[in-house]
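Participant: Got a structure for you, written out below as structure tokens; questions coming shortly.
The values are calculated or read from the model by the stated rules, or taken from the named source; none is laboratory data. Just so we're clear, the structure is a prediction, and the values are computed from it rather than from any experiment. Glycine gets a Cβ as well: all are built from the backbone with ideal geometry, and neighbour counts include every protein chain shown.
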């Protein structure tokens, strides 16, 4: 969604929502707004700031899902208002209708996908998808993978943010040759910290206040099929457990 949509979204939100009702809906999606934007005093409510955060942080947390829900409700409320409002006050709602349609058409899908599925028959596509996925991170990247290797670093080589990598403690958890590749990786300016934990089972990737469950190790991307699915409802609990495992261990090597 383009930034030019921000003032339009601000106008429509103010037209169809009260601050309290909007805040309640945002809380359902676990989306928090700056306190300077969200005072309970309606005259101090910053709808423009709210709209700006929604548009500029579409790839963070549940912002995209919240905006999807808002636009669906706005469309329905606008149609109801046109049908039920007397003709003298109907003008405002009729003028709002194409603006709401513009917002809906502009939203599109998240630029960072909720799911990735690439078959093992497409080794080049797998690597390209994974690198592009991680390159889009705007925050620190946290990778949890019981088995890592040179292929893991290859998947991370387009990332521009600091990386934390948590892996297992089994003899084959860290592939031969990884230590040398790690030194070279860091020498090129990448910020990467590695730790180990004996209690790892699943694979996850965390960034932009979002968390994905990953089907296979990054080191095998291009050799095996690659699948990721975003975790929504239990994200907070999953990330908290992963952070606890990270904090319990020392830096490797």
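Participant: Restricting the search to the stretch 108-133, which residues are in contact with a strand residue (DSSP E or B) (Cβ under 6 Å, 6 or more places away or on another chain) and closer than 12 Å to residue 159 by Cβ?
Facilitator: Step one: list which residues in the stretch 108-133 are in contact with a strand residue (DSSP E or B) (Cβ under 6 Å, 6 or more places away or on another chain), which gives 114-118, 120, 125-127, 129-130.
Within the stretch 108-133, just 130 meets the criteria.
Participant: Continuing with the same structure: For residue 213, indicate whether it is touching a residue at least 12 places away in the same chain (Cβ under 8 Å) and under 18 Å from residue 113 (Cα atoms).
Facilitator: Numbers: touching a residue at least 12 places away in the same chain (Cβ under 8 Å): yes; under 18 Å from residue 113 (Cα atoms): yes.
Considered against the rule, which asks whether it is touching a residue at least 12 places away in the same chain (Cβ under 8 Å) and under 18 Å from residue 113 (Cα atoms), residue 213 comes out as yes.
Participant: A further question on this structure: Which condition from (1) assigned to a loop (DSSP other than H, G, I, E, B); (2) surrounded by fewer than 16 Cβ atoms within 10 Å (Cβ to Cβ); (3) not assigned by TED's automatic domain parsing to the domain that holds residue 225 is the one that residue 31 breaks?
Facilitator: (2)
Participant: Starting from the stretch 94-113, take each residue that is over 15 Å from residue 65 (Cβ atoms) and list its partners that are not in a helix (DSSP H, G or I), counting only C-beta distances under 6 angstrom and pairs at least six apart or across chains.
Facilitator: 106/1
Participant: Looking at (1) within 20 Å of residue 239 (Cα to Cα); (2) free of Cβ contacts under 8 Å to residues at least 60 places away in the same chain; (3) out of contact with any helix residue (DSSP H, G or I) (no Cβ under 7 Å at 6 or more places or on another chain), can you tell me which one residue 163 breaks?
Facilitator: Only one criterion is unmet by residue 163, namely (3).
Participant: Being surrounded by fewer than 19 Cβ atoms within 10 Å (Cβ to Cβ), assigned by TED's automatic domain parsing to the domain that holds residue 152, out of contact with any helix residue (DSSP H, G or I) (no Cβ under 8 Å at 6 or more places or on another chain) and under 30 Å from residue 162 (Cβ atoms) is true for just one of 129, 135. Which residue is that? So that I can check it myself, show each step before the final result.
Facilitator: Working: 129 fails: surrounded by fewer than 19 Cβ atoms within 10 Å (Cβ to Cβ).
So the residue among 129, 135 that is surrounded by fewer than 19 Cβ atoms within 10 Å (Cβ to Cβ), assigned by TED's automatic domain parsing to the domain that holds residue 152, out of contact with any helix residue (DSSP H, G or I) (no Cβ under 8 Å at 6 or more places or on another chain) and under 30 Å from residue 162 (Cβ atoms) is 135.
Participant: Here's another thing I want to ask about it. Failed condition for residue 121, given (1) out of contact with any helix residue (DSSP H, G or I) (no Cβ under 8 Å at 6 or more places or on another chain); (2) part of a loop (DSSP other than H, G, I, E, B); (3) at pLDDT below 95; (4) under 25 Å from residue 19 (Cα atoms), with all others met?
Facilitator: (4)
Participant: Look at residue 218 and say whether it is within 15 Å of residue 141 (Cα to Cα), at pLDDT below 95 and assigned by TED's automatic domain parsing to the domain that holds residue 159. First the steps, then the outcome.
Facilitator: Working: within 15 Å of residue 141 (Cα to Cα): yes; at pLDDT below 95: yes; assigned by TED's automatic domain parsing to the domain that holds residue 159: yes.
For residue 218, the condition - within 15 Å of residue 141 (Cα to Cα), at pLDDT below 95 and assigned by TED's automatic domain parsing to the domain that holds residue 159 - is met.
Participant: Whether any residue in the stretch 177-184 is over 15 Å from residue 252 (Cα atoms) and either under 19 Å from the mean Cα position of the chain (by Cα) or in the same structural domain as residue 247 (by TED's automatic domain parsing) (or both) is what I want to check. Steps first, answer last, please.
Facilitator: First pass over the stretch 177-184, keeping only residues over 15 Å from residue 252 (Cα atoms): 184.
Narrowing the set further to residues that are either under 19 Å from the mean Cα position of the chain (by Cα) or in the same structural domain as residue 247 (by TED's automatic domain parsing) (or both) leaves 184.
Yes.
Residue-wise test of (1) over 18 Å from the mean Cα position of the chain (by Cα); (2) modelled with pLDDT under 90; (3) surrounded by fewer than 14 Cβ atoms within 10 Å (Cβ to Cβ); (4) not assigned by TED's automatic domain parsing to the domain that holds residue 165.
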| site | (1), (2), (3), (4) |
| --- | --- |
| 194 | yes, no, no, no |
| 205 | no, no, no, no |
| 212 | no, no, no, no |
| 224 | yes, yes, no, no |
| 231 | no, no, no, no |
| 235 | no, no, no, no |
| 240 | no, no, yes, no |
| 245 | yes, no, no, no |
| 248 | yes, yes, yes, no |
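Participant: Please verify whether residue 124 is under 28 Å from residue 32 (Cβ atoms) and assigned by TED's automatic domain parsing to the domain that holds residue 198, treating the condition exactly as stated. Reasoning before the result, please.
Facilitator: On the way: under 28 Å from residue 32 (Cβ atoms): no; assigned by TED's automatic domain parsing to the domain that holds residue 198: yes.
For residue 124, the condition - under 28 Å from residue 32 (Cβ atoms) and assigned by TED's automatic domain parsing to the domain that holds residue 198 - is not met.
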